[in-house]
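Taking it in order: structure first as structure tokens, then the write-up.
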Amino acid sequence: MSPIKSKMSANSASTGRLPKIKGINEVGRYAIGVQWIDGHDSIFPLESLRRRCPCNECGGEVAGVIAPDHQRLMQLSRLGESGMYLGWADGHETLYTTGQLREICRCAYCAGEPEKPITGG
């Protein structure tokens, strides 16, 4: 698996602690929800997870159209507090570390727009 350059917050990097997963769940048919021990919540569309797959084959940058069967999830597994495994319908496999997941989180807070949360709360 090829590493993705880290854009983790200075707070996480300075303490040397990686974010830890509290729980994961499917959100409808098209997304994965991750609840973090620090109280943060992330929702990752399946297409985004596949497009940013950090394996050697994909390299974190899948361009162009992704076929629907390549976006369909067959297996979702939490790897303790430190990662997540995704098994895709086309046989591809993806492993994400917690650092990689937090790096690609596009919630309002992570995108720099905390005044515009999608939850309204």
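Here, each number is a calculation from the coordinates, and none is a lab measurement. As the structure is a computational prediction, the values presented were derived from the model and not from experiment. Note that we place each Cβ from the backbone using ideal geometry, even for glycine, and neighbour counts take in every protein chain shown.
Projected onto the charge dipole of the range 10-104 (+1 at Lys/Arg Cβ, -1 at Asp/Glu Cβ, origin at the Cα centre), which of THR98, PRO45, CYS55 gives the Cα projection farthest towards the positive end? Farthest along the dipole direction, towards plus: THR98. 3J(HN,Hα) along the range 28-36: x, 9, 10, 7, 10, x, 10, 9, 9 Hz, from the Karplus curve 6.51 cos²θ - 1.76 cosθ + 1.60 with θ = phi - 60°, whole Hz, x for Gly and Pro. Residues SER42, SER77 in ascending order of nearby Cβ atoms (within 10 Å, fewest first): SER77, SER42. Out of the GluC sites (Glu not before Pro) in the range 36-121, which ones are loop residues according to DSSP with at most 14 other C-beta atoms within 10 Å? Here the sparse-neighbourhood loop sites are GLU57, GLU61, GLU81, GLU115. Ordered by the count of other Cβ atoms within 10 Å of each Cβ, fewest first, ARG17, ARG72, ARG50 give ARG17, ARG72, ARG50. For LEU86, the shell of other residues with beta-carbons less than 13 Å away shows a net charge of +1, using +1 for Lys and Arg and -1 for Asp and Glu. Full extension of the chain between LEU76 and ALA111 gives 10.1 nm of extra length, using 0.36 nm per residue less the Cα-Cα distance.
Classify the range 10-104: rounded, prolate or oblate, from the alpha-carbon gyration tensor (a ≥ b ≥ c, eigenvalue square roots; a/c under 1.5 rounded; otherwise prolate if a/b is larger than b/c)?
Prolate, because a/c is 1.5 or more and a/b exceeds b/c.
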